[in-house]
């Protein structure tokens, strides 16, 4: 293990703890920014967000409990297994899930033992630690289903935001003081040590010439985070500033329905007429007109509870929007 004999970072989640990341001259020369947004980190951190209810109210309302099958592996505080975020770049969500499913049994057993020591786990976690093929297949299915509902509809906006952040940070890689000062208020650079406070791992991490990969994240909230195992590729995942994201209609859907109607359809997931009007940039009256056409086409349905009105995608509407 890299850095043997040194203090191992601890996933103890205590408030006020600090992680000290130690750089050599070689490490400073090997600071890099991830080449593309990391969908597996977005899956994990969005699961944290769903449970903590810290932000993204409209997104959480739309996603609902679709992440429930994964909550026990991704608690909002405390340790989450590193194998859920493969330590090398993935080409797609399918590639990422394949890498998760290919995790060696010894690593599964080791990381899930840490998780089980922190909180009670269902029987499926024990089966997963044993490398049970059916349980691992079910995990892949749960990750894929969650991504389809919670991440994929918002991915164009997420990807655009993160790609812009990556391009911006790459311009400052030769100036660590400026780079780290601008990333997050929980980071303090005192050469040759970067201190992270308010995070979920404490102790000392010696990079030992491996460098550090910076990964901006849409769903990372409050303080940056790192992998708990110091033997893995060193990464620093940090939150980007942004406004809440809403689903973006595809170019094909816009061509079929027009931009206003397409945006209304893309956001009709338990949403009120007033909120749909805001998202579509039009008046409630115009939105109601478009909703009537979408209802006639059996793409949306409308539910009334007292004075509350919510518009939902039908199965046909979900199919058309890729939801």
Query - Per principal axis, descending, Cα span of region 18-92 in whole Å - result: 47, 31, 23
Query - Histogram of C-alpha separations across region 106-187, 10 Å bin width, % - result: 14, 24, 21, 31, 10
Report task. For helix 155-170, report the angle its Cα long axis makes with the longest principal axis of the Cα atoms of the chain; keep it between 0 and 90° and round to the nearest 10°. Result -> 40
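Rounded to the nearest 500, what is the chain's calculated 222 nm mean residue ellipticity when only DSSP H runs of at least 4 contribute -39500 (n - 2.57) each, over all residues? Could you put the intermediate results ahead of the total?
Working: 14 runs with 138 residues, N = 323.
The helix-only estimate for the chain comes to -12500 deg cm²/dmol at 222 nm.
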Report summary line: Percent antiparallel among DSSP beta bridges confined to the chain, nearest 5, equals 60
**Report entry** Cα convex hull volume per residue for region 18-239 (Å³)
**Finding:** 115
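What is the extension gain from residue 289 to residue 319, computed as 0.36 nm multiplied by their sequence separation minus the C-alpha to C-alpha distance, in nm to one decimal?
Values: separation 30, 0.36 × 30 = 10.80 nm, distance 2.22 nm.
Additional length available on full extension: 8.6 nm.
Grab the eigenvalues of the alpha-carbon gyration tensor for region 148-301, scale each by 5, take roots, and send me the semi-axes largest first in whole angstrom.
Numbers: eigenvalues 373, 41, 37 Å².
Output for region 148-301: semi-axes of 43, 14, 14 Å.
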**Report entry** Rough spin-label spacing in nm, given labels placed 7 Å along Cα→Cβ, for residue 171 and residue 102
**Finding:** 3.7
Report task. Binning at 5 Å from 0, report for region 251-321 what percent of all alpha-carbon pair distances ends up in each bin. Result -> 3, 19, 32, 28, 13, 3, 1, 0
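Any read-out appearing in this document is the output of simple, stated calculations on the displayed coordinates, not a laboratory observation. The structure presented is a predicted model; accordingly, all values stated were derived computationally and were not measured. Please note: Cβ atoms are built from the backbone with ideal geometry, for glycine as well, and neighbour counts cover all protein chains shown.
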